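The values are calculated or read from the model by the stated rules, or taken from the named source; none is laboratory data. The model shown is predicted, which means the values in this text are computed figures rather than measured ones. Neighbour counts are summed over all protein chains in view; Cβ atoms, including those assigned to glycine, are modelled from backbone coordinates with ideal geometry. Note: accessible area is taken over every heavy atom of the protein model, side chains too, but ligands, DNA and RNA are not part of it. Shrake-Rupley method; radii C 1.70, N 1.55, O 1.52, S 1.80 Å.
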Amino acid sequence: HYGWAFGAVYCLTMVLMSFGLFNVITALFVENTVAAAKFNHLHQKRVRLLDTQTFAEKTSTLIEFVWRIYRKELSQTSSRDTGQRSSLGSDTLEEMSQIQITPEF
């Protein structure tokens with residue numbers, strides 16, 4: 001009764017509306033997923049920063065390391081009595097680089 005032109009326009013309109021609707025649904029899903037991931041990342045960072053047990057362990061490790069090096073340097077200096085400070089060995093530097101106290105732990 002309306003002709004083939006009306007049918008073609010109707011089909012084209014329905015296809016475009018379907019693509020548009022699915023595009024909006026996909027955009028909402030992606031936006032919510034990104035927001036949830038960002039919130040989760042910030043929450044994990046906050047928990048790590050407020051974790052006193054981990055901070056205490058890392059600080060204790062650092063203090064033990066510094067004390068060990070101090071005692072080693074003190075014993076070497078007292079045995080030599082040269083007045084010159086000895087340089088740190090490669091094993092000490094490697095051990096020092098393994099201690100990582102950062103805000104992110």
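Just a few scattered comments:
- Condition check for L49: touching a residue at least 24 places away in the same chain (Cβ under 8 Å), surrounded by 10 or more Cβ atoms within 10 Å (Cβ to Cβ) and within 16 Å of the chain's Cα centre (by Cα): yes
- Any pair with Cβ under 8 angstrom, 6 or more apart, that starts in the range 1-15 at a residue that is open to solvent by 90 Å² or more (accessible area, probe 1.4 Å) and ends at one that is at pLDDT below 95: none
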